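Chemist: This is the structure I have questions about; it appears just below.
Computed from the coordinates by the stated procedures, all read-outs in this text should not be read as laboratory data. Computed from a predicted structure; not experimentally measured. Note that each Cβ is placed from the backbone with ideal geometry, even for glycine, and that neighbours are counted across all protein chains shown.
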Amino acid sequence: MIRSMTGYGRARETVNGRDITVEVRSVNNRYLDCAVKMPRAYLFAEDAVKSLIQRAAARGKVDVFISVDAAGANEIVVSVDQPLAAAYLEAVRSIGGALGLDAGVSALQIARLPDVLTLSKAEEDVESLTGDLCAVLEEALAAYTRMRETEGARLAADILGRLDTIEALVAKVEVRSPQTVAEYRAKLLERMQEVLESASIDESRILTEAALFADKVAVDEETVRLRSHLGQLREMLQSSGSIGRKLDFLIQEVNRECNTIGSKASDIEIARYVVDLKAEVEKIREQVQNIE
């Protein structure tokens, strides 16, 4: 199934106390251009994120936005300096004994003394955090891919319809082209009769001139190649993978054949068909620019 280069996907999950939101969006681009915006504290996961994007998209300008709310995560560790607490307690008891005072003291009182309790940030498991971010990213990419496939199916249907129109116009050119030769021969005979009046007309000269004209305006080779290109385009539209560049190349070839037919045409009717052909080709070219 072909895919559009334009798409959007979003996912939000709470994983290990972290509220993770990922958005993926893309527009047309000749090559894959991926930009990731995420909190600086999680930049260690950027390479893994880009790797997933490269597996999901072959072309396009892809922007990934990742936000993390770690309010629910256990990121603070409380440490107790047991030797220091014991030293404080021994000092308090010593003071009480020396002064004849009650040395009763609670754990909370000891805990409030300087440096008994220290707060520090929990050591992060980089691999685990990267896995959490990538899991949410994969959900967003799944939605992103579905949207691109849906749009790709629409593009393919539109292009296939235009290929049918082009094929019908080519058939008209093929029918009309031999008629222009017969009409040229008849006009040539009429003109020679007017010039020569009663003199006899060299029939072989008429046939030679008509043959030269037929060779000059013949478009058989162009229409055969056109039909071949149309067949290839249909096959490619039924395939999967990144085919945008191949389609673009083939459309250029189709346009070249149409231009050649137009340059050979000396008939108003064929010229009109060529105008219609080029209009359809241009519309297909615009659509192809959206295909991955």
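Chemist: What are the GluC sites (Glu not before Pro) within the stretch 1-87 that DSSP puts in a loop, where the Cβ has at most 15 other Cβ atoms within 10 Å?
Modeler: Those satisfying the criteria are 75.
Chemist: Sticking with this one: Taking Cα pairs under 8 Å and at least six residues apart, what relative contact order does the stretch 1-104 come out at, in percent?
Modeler: Taking the mean separation of contacting Cα pairs over the length of the stretch 1-104, I get 28 percent.
Chemist: Shifting gears a bit: Once phi is turned into ³J(HN,Hα) by the Karplus curve 6.51 cos²θ - 1.76 cosθ + 1.60 with θ = phi - 60°, what whole-Hz value does each residue of the stretch 110-115 show in order, with x for glycine and proline?
Modeler: Computed from phi, the couplings for the stretch 110-115 are 5, 5, 7, 6, x, 6 Hz.
Chemist: Quick one: which residues, 5 or more positions from residue 291 or on another chain, have an amide H under 5 Å from its amide H? H modelled 1.01 Å from N in the peptide plane, none for Pro or chain starts.
Modeler: HN-HN under 5 Å from residue 291: 5.
Chemist: Taking R0 as 45 Å, what's the FRET efficiency between residue 167 and residue 12 from their Cβ-Cβ distance, rounded to 0.05?
Modeler: 0.40
Chemist: Mind giving me the FRET efficiency for residue 174 and residue 289? R0 is 25 Å, r the Cβ-Cβ distance, nearest 0.05 is fine.
Modeler: Using R0 = 25 Å, I get an efficiency of 0.25.
Chemist: How many nm separate the modelled label positions at residue 249 and residue 139, each set 7 Å beyond the Cα in the direction of the Cβ?
Modeler: According to this spin-label approximation, the distance is 4.1 nm.
Chemist: Determine, for 12, 40, 25, the number of other Cβ atoms within 10 Å of each Cβ, and report the residues in order from fewest to most.
Modeler: Ordered from fewest to most neighbouring Cβ atoms within 10 Å, 12, 40, 25 come out as 40, 12, 25.
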